[in-house]
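Working notes, structure below.
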Protein chains: 2
Amino acid sequence: MESNRQPVIILVRPQMGENIGAAARAMLNFGLTEMRLVEPRDGWPNPRAVAMASGAAGKVLDSARVYPTLALAMEGVDYAFATTARGRELTKPVFTPATAMEKARGHDGRSAIIFGPERAGLENEDVARANAIVTVPVNPDFPSLNLAQAVLLMGYEWGREQLPTAPQPIGRRPAGEVAADRIEIEKLGDHYEEKLGDAGFFFPETKGPAMRLNLRNMWSRLDLTRGDIQVLHGILRQLTRR
Amino acid sequence: MESNRQPVIILVRPQMGENIGAAARAMLNFGLTEMRLVEPRDGWPNPRAVAMASGAAGKVLDSARVYPTLALAMEGVDYAFATTARGRELTKPVFTPATAMEKARGHDGRSAIIFGPERAGLENEDVARANAIVTVPVNPDFPSLNLAQAVLLMGYEWGREQLPTAPQPIGRRPAGEVAADRIEIEKLGDHYEEKLGDAGFFFPETKGPAMRLNLRNMWSRLDLTRGDIQVLHGILRQLTRR
C-alpha cells in the first residue's frame, strides 16, 4: 500500500525528552509521521518531549508507540537501516542517506530507520538487527550531529523526491518570466547604440567598432527577460530626454 | 584558489546567540568555516553563542566577522544565494539546496549563502541583493526549520559530493571573464539609482520603492562581469554628462 511506504523512525533508548520532541518536528518537516520508541530513559509520555514538539508535531508524539526491545519495535518492518557514525566490524552494506532513501523509496514493503541514544549511539547488538548501515558523510574532525539533526537529514533525503520542489531554472531566468526574444535584444542593442552614439560614447573612433560589438555581445549574454528589456529601454529614454 | 571555494555563510540580523552557536556547529559538521554576521541583535562577541559552539566550532565564531549591512558583508563574494521559505514577487531563479550547492561547487569564484533572522526571515531588501533564491522543499503543512537546521541542510548538500564531479558551468559568464563581486554590483546599483532619481525615473512616487527594488534585483541577477560593470557605469556617465 502506498501509505505504508514511508519509513518508520525508531529511536532506541532516547535520553532527553527535548530530543524526542525535536526528532518529531524534524520528521514532520518532511512528512514522516510514524515514530516508535524503544525503552525511552524517562518513560512515556514525556512532558518535555511534548513541550518541544508544538502543534502538528505533537500528533507524531501522540501516536508514537513504545516497545521494550528493538526486535519488537520492528513489527511489520521488512527492511531496516541502522544509523551510525562509526565504522563497524559487522559485515553489512553501508549506505549514504541519499542511497538509503533511494532504496527505501523503491522498496515495496515497510522500511525503518533506527537511531541510537544521544551519547553513545547504537550498540552492535542493535546494528546486528538491521539490514544495512546508513552513515551521514560529515567532517571527520567534527562529526557532532545530534539526534534531531540525524533524523532531519534522513527525512530530507526521504522527502527530496516526494515534496513539491522548486522548478528547475533554465539558465538564469526565473520560472514564470518570459525570456526576451532575439529581435527584442536586437532592438535594445540598436536603441543603446544610437543614443550612445549621439552622446559621444564610442570614442576614440578607432575603438568604436570593438566597443559596439562588445556592447551588443553583453546584451545577448545576460539572459534578459521581457521585463528587463522594458526597464532598460525606460532607463535610456529617461536619461536622454531633454 | 581551491580553499576559496567553500561558500561563506552570512547570517543577517540573527537574534539568539544560541542559534548563532548552533549554526557554527552545523557549518563545521560539513567543513564550512567562514561565517559573517550582519547586525547581530545582541552584539558581538556573544557568550551564549560561544557556550553553544564548543570545541572546534568555537573557532568558527572566533573568526566570524561582523558587518553593518548585508551589502558590505558580501565583500569578495561574486555569487550569492538567499535562503527563503516563502515565494517572492522578485524575479529571481529559485534553486533547491541540491541544485544550489551543485552550482556553488562548479563556481570558480566565491559564493555565499544568506540566512535571515529567526522569526521573520530575510526582507525583500536583502533578497534583492542575491543572485538567486534557495528554498528547502519541506512539508507545506509543517515548514518549521530553524536557523541551524537550514544551515545544516545547506552544509550537507555542499559536502555531499566532495568526490570529483564534472564541474557545472555557472551562469552565462564567458571563460576567462571575472565575475563582478557583490560590492561592485552594489555600487552599480547605487550609481543608477542616484542618476535615475535625478532624472525623475522613479515616478510616480508611490511606485518608487518597488521600482528601486526591482532595479536592484535586476543588477544582482544578471551575472555581470567586471567588464560589464565598467561598461554600465560608462554608459550612465556618458548619458548624464552635460
Practice problem: For B:ARG5, state whether it is surrounded by fewer than 17 Cβ atoms within 10 Å (Cβ to Cβ) and under 15 Å from the mean Cα position of the chain (by Cα). | Solution: yes
Quiz item: Yes or no: A:LEU196 aliphatic (A, V, I, L, M) and surrounded by fewer than 17 Cβ atoms within 10 Å (Cβ to Cβ)?
Solution: no
Practice problem: Need at least 1 residues that are at pLDDT below 95, aliphatic (A, V, I, L, M) and touching a strand residue (DSSP E or B) at 6+ places or on another chain (Cβ under 9 Å) per element, so show me which strands (runs of 3 or more DSSP E) inside region B:50-144 make the cut, counting only ones lying wholly within it. | Solution: B:79-83, B:132-134
Practice problem: Within region B:145-184, work out how many residues are of a type in the set (A, V, I, L, M) and at pLDDT 90 or above. | Solution: 8
Quiz item: Which one of these is of a type outside the set (Val, Ile, Thr) and in a helix (DSSP H, G or I): A:LEU32, A:LEU28?
Solution: A:LEU28
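Condition check ((1) hydroxyl-bearing (Ser, Thr, Tyr); (2) buried (at least 19 other Cβ atoms within 10 Å of the Cβ)) across all residues:
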site	(1), (2)
B:THR83	yes, yes
B:ARG86	no, no
B:GLY109	no, no
B:PRO117	no, yes
B:VAL127	no, yes
B:ALA130	no, yes
B:ILE133	no, yes
B:TYR156	yes, yes
Exercise. Would you point out which residue out of B:ASN46, B:ASN124 is touching an Asp or Glu at 6+ places or on another chain (Cβ under 8 Å), touching a residue at least 12 places away in the same chain (Cβ under 8 Å) and not assigned by the TED database to the domain that holds B:THR225?
Key: B:ASN124
Quiz item: Of everything in region B:17-60 that's basic (Lys, Arg) and over 25 Å from A:ALA85 (Cα atoms), which residue is least open to solvent (accessible area, probe 1.4 Å)?
Solution: B:ARG36
Quiz item: Looking at region B:114-157, which of its residues are away from chain A (no Cβ under 11 Å), over 14 Å from the mean Cα position of the chain (by Cα) and closer than 22 Å to A:LEU145 by Cα?
Solution: B:GLU118, B:LEU147
Quiz item: Take the residues of region B:61-75 that are open to solvent by less than 40 Å² (accessible area, probe 1.4 Å) and within 28 Å of B:SER220 (Cα to Cα): which is nearest to the other protein chains (Cβ to nearest Cβ)?
Solution: B:ALA64
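The values are calculated or read from the model by the stated rules, or taken from the named source; none is laboratory data. What you see is a predicted model; the values in this text were computed from it and never measured. Positions of Cβ are backbone-derived with ideal geometry, glycine not excepted, and every protein chain shown enters the neighbour counts. Please note that ligands, DNA and RNA were not included when accessible areas were found on the heavy atoms of the full protein model with its side chains. Shrake-Rupley method; radii C 1.70, N 1.55, O 1.52, S 1.80 Å.
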